[in-house]
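S.K.: A single structure is presented below for examination.
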Amino acid sequence: MVAVADSLVHDQLAKYRRDPAFVLQMLRHLQLEQNIITSGDIHVLSESLNLPRAKINGLIDFYSFLHRRPRGRYDVYFSDSITDHMLGSREQANLLCELLGVELGQPSANGAVTVSLTSCTGLCERGPGVLVNGTAIDRMDDARTREMASLIEANTPLEDWPLEWFVINDALRKKGPLLRYEPTRGKALERAIAIGPEGVLKDLETSGLRGCGGAGFPTWRKWQICRSSNRRQRYVVCNADEGEPGTFKDRALLHGYADTLLEGMTACAITVGASKGFIYLRHEYEFLRERLQHRIQRHRDTNLLGRNILGHHGINFDVEIFMGAGSYVCGEESALIESLEGKRGIPRVRPPFPVTHGYKGKPTVVNNVETFCYAAGILEHGPDFLAHAGDQPGWKLLSICGDCKSPGIYEIPLGTPIRDVLEACGAHGTQAVQVGGPGGTLVSSAEFDRHISYADLNTAGSFIIFDESRDMLDVAVNFTHFFAHESCGFCTPCRVGTKLMVQMADKVADGHGARLDIEQMQRLNKLMTQASHCGLGQRAAVPILTTYEKFTDSFERRMEDVEYKPAFDVEAAIERSRQIVSEEALSR
Ligand code: SF4
């Protein structure tokens, strides 16, 4: 057994050429193979990579899907995102625990199974979603959960589980230029080479394409800054780490539009002068990895990647997939680069921005999947690719989920009002929409004339619908827990502030809150907004406070008309210390 474990870690060291930047990939592989990263593994990695053990331990503790304590041979994670909640994920997790006789989060006594919760599996429109040993299964219901329990009890290998459980279909509900786009392979690249870097930048500028990850920075400008750097080595990174609850459109693009993505990345590399690229793929999308790897290989085999692309001497570019290991904050581009370098994904102080000081300190373009795909479309069809009849150029992919008849992916022209989106997806009796995930904007029914655009509701794509049956306080509490779980712990205002927010939000939700709790949350929000290092801490209190503003009734119903009671019981907390002190005093 020891020999097998040793050979596993040595295989990984050989595979990644003993490059410490890939330590996260090695750890992830060990975790998936053994259900634990042992102290022996840590020792070998530390010696071989010349990394302190403390650093490796720190990495393991940082990423949600790495563990120094054993997990079950079947490692099951139910999604705890709000949309999965609405579809009954907690009930299914509890049912599985009950059937298997285990406690949530604790491995079974025989080591067979661990059942836990995770922030979001990216299956929001087809939940409740679950990951088993890193593989995604959708639409959990009582029947499926019962069958899963039997399969685990019978120790049935995952490859013998019902095949249809592992088929994740994409519901492409409304197609615009990108989802309708049927690329001629190599055409976007041929044109990028023909018009040259300046021509590419001009096309992108004329098209109006902006980064689709939420920030909306003009794509041509980002590529131009990278290109104009005087450093020789540059990189292209695709952010495929969409972890915002309610977002799944990149999943569909990675699945059905991988050729387009690769051409977009390669065109970017040709424009900025990069020879190496990475796709940073979120852990939860492991099921897409093999197919994506095949596409990369096919591009190499047909000279669309590799050396002398399309026969053009000196145009060289290749792409590698880098797997995330469970950290929402890695969706922020500088944190993603830290992770790519084999570190904890803590956002960097900016400026400088990754576009000038990115991967290994070199100029790096980081764009998300959707942005690269649109860029490929523009290069094949010209700058009018994003044109439409409205007055704001550009399109947006929305991941629509929650209370509507037809959840799925909708490609809409920028400037579309919320009201029209709701009509398109068959939503009725809607009281609110959360645009842009937990840190985005809560839009109440009085505001449904607002529109999706850079000027109004800017979003990376998450669009969650709540009908009148939902209690909006419960939604806000879920989002508050999400931020506390995903805080990377680097800075105190966020690390501590998110935990305090959870205590106060839970207190209000449990019916023990008073108005003073709201005032305390408002004060804490000020501090977190001013002193947190990145957007997560700065936005973490927004859901609960915005919900209070817009849905005050939902709070009032549960707030006691009594005096304030602290959420934290100081007396109870120090009681044990008191006992120890008096026991010691008596024994003297
Ligand atoms: Fe980490 Fe939160 Fe600080 Fe951001 S604000 S760096 S997530 S602790």
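The values are calculated or read from the model by the stated rules, or taken from the named source; none is laboratory data. Since the structure is predicted, the reported quantities are computational estimates derived from the model, not experimental observations. Don't worry about glycine lacking a Cβ; one is built from the backbone with ideal geometry, like all the others, and counts go over all protein chains shown. Quick note on the areas: whole protein, heavy atoms, side chains included, nothing else; ligands and nucleic acids left out. Shrake-Rupley method; radii C 1.70, N 1.55, O 1.52, S 1.80 Å.
S.K.: Using a/c under 1.5 as the rounded threshold, could you call the range 366-493 rounded, prolate or oblate? The axes a ≥ b ≥ c are square roots of the C-alpha gyration tensor eigenvalues, and prolate needs a/b larger than b/c, oblate otherwise.
M.R.: Since a/c reaches 1.5 but b/c is at least a/b, the shape of the range 366-493 is classed as oblate.
S.K.: Follow-up question, since we're still on this one. Round to a whole angstrom and tell me the spacing of the C-alpha centers of the range 459-475 and the range 7-84.
M.R.: 35
S.K.: Given the pairs Lys15/Lys362; Lys202/Lys343; Lys174/Lys222; Lys202/Lys396; Lys396/Lys507, which are separated by over 27 angstrom at their Cα positions?
M.R.: Lys202/Lys343; Lys174/Lys222; Lys396/Lys507
S.K.: Could you order peptides 149-161, 78-90, 51-63 by the average number of other Cβ atoms within 10 Å of their residues, highest first?
M.R.: Result, highest mean Cβ count within 10 Å first: 78-90, 51-63, 149-161.
S.K.: Return the whole-Å distance between the Cα centroid of the range 485-536 and the Cα centroid of the range 235-288.
M.R.: So the separation of the two Cα centres works out to 33 Å.
S.K.: Which percent of the accessible heavy-atom area of the chain goes to carbon and sulfur, probe 1.4 angstrom?
M.R.: For the chain, the apolar C and S fraction of the accessible surface comes to 49 percent.
S.K.: To continue, here is another question. Sort the range 77-173 into rounded, prolate or oblate with this rule: let a ≥ b ≥ c be the square roots of the eigenvalues of the Cα gyration tensor; rounded if a/c is under 1.5, and if a/c is not under 1.5, prolate when a/b is larger than b/c, oblate otherwise.
M.R.: It is oblate, given that a/c is not under 1.5 and a/b is not larger than b/c.
S.K.: Report, by chain and number, residues whose modeled amide H sits under 5 Å from the one on Thr356, excluding near sequence neighbours (fewer than 5 apart, same chain).
M.R.: Thr364
S.K.: Here's another thing I want to ask about it. Enumerate the calculated ³J(HN,Hα) couplings along the range 212-221 in order (Karplus 6.51 cos²θ - 1.76 cosθ + 1.60, θ = phi - 60°), each rounded to whole Hz, writing x wherever the residue is Gly or Pro.
M.R.: Per residue, the Karplus-derived 3J(HN,Hα) values read 8, x, x, 6, x, 6, x, 5, 4, 5 Hz.
S.K.: Using θ = phi - 60° and the Karplus form 6.51 cos²θ - 1.76 cosθ + 1.60, what ³J(HN,Hα) does each residue of the range 332-338 get, whole Hz, x for Gly and Pro?
M.R.: 6, 4, 6, 5, 4, 5, 4
S.K.: When ranked by the protection proxy of mean other Cβ atoms within 10 Å per residue, highest first, what sequence do the peptides 127-134, 242-249 form?
M.R.: Sorting 127-134, 242-249 by mean packing, highest first, produces 242-249, 127-134.
S.K.: Moving to a separate point now. With runs of 4+ DSSP H residues as the only contributors, calculate the mean residue ellipticity of the chain at 222 nm using -39,500 (n - 2.57) per run, divided by the residue total and rounded to the nearest 500.
M.R.: -14000 deg cm²/dmol
S.K.: So, taking all protein chains as they sit and a 1.4 Å probe, how much accessible area belongs to Trp395, in Å² rounded to tens?
M.R.: 40
S.K.: Using θ = phi - 60° and the Karplus relation 6.51 cos²θ - 1.76 cosθ + 1.60, list the HN-Hα couplings for the range 105-115 in order, rounded to whole Hz, with x at every Gly or Pro.
M.R.: x, 10, x, 5, 4, 8, x, 6, 8, 10, 10
S.K.: Further question on the same structure: Quickly rank 96-108, 449-461 as a protection proxy: mean count of other C-beta atoms within 10 Å, highest first.
M.R.: 449-461, 96-108
S.K.: Determine the relative contact order of the chain: mean sequence separation of Cα pairs under 8 Å and six or more apart, normalised by residue count, in whole percent. Can you show the working numbers first?
M.R.: Values: 1115 pairs, mean separation 74.5, N = 588.
Relative contact order of the chain: 13 percent.
S.K.: Keeping all protein chains in place, calculate the accessible area per residue for the chain (probe 1.4 angstrom), answer in Å². Display every interim value, and only then the final one.
M.R.: Working: 24530 Å² over 588 residues.
Per-residue value: 42 Å².
S.K.: Quick check: residue separation of Ala215 and Ser228 times 0.36 nm, minus the Cα distance between them. What number comes out in nm?
M.R.: Working: separation 13, 0.36 × 13 = 4.68 nm, distance 2.17 nm.
Full extension from Ala215 to Ser228 adds 2.5 nm.
S.K.: For a bin width of 10 Å, list the pair-distance distribution of the chain built from all Cα-Cα distances, rounded to whole %.
M.R.: The calculated distribution, bin by bin, is 3, 16, 26, 27, 18, 7, 2, 1, 0.
S.K.: For the range 384-543, with only Lys/Arg (+1) and Asp/Glu (-1) charged at the beta-carbon, what is the dipole magnitude about the Cα centre, in debye rounded to 20?
M.R.: 680
S.K.: Still on this structure: Among rounded, prolate and oblate, which fits the range 2-62 when a ≥ b ≥ c are the square roots of the eigenvalues of its C-alpha gyration tensor, a/c under 1.5 means rounded, and a/b larger than b/c means prolate?
M.R.: rounded
S.K.: Considering amide H positions built from the backbone, and no H for Pro or chain starts, which residues 5 or more places from Thr118, or on another chain, come under 5 Å of its amide H?
M.R.: Phe78, Ser79, Asp80
S.K.: Let me ask another. Lone cysteines in the chain, defined as no other cysteine's Cβ under 4.7 Å from theirs: which are they?
M.R.: Cys97, Cys120, Cys212, Cys226, Cys238, Cys268, Cys330, Cys373, Cys488, Cys491, Cys494, Cys534
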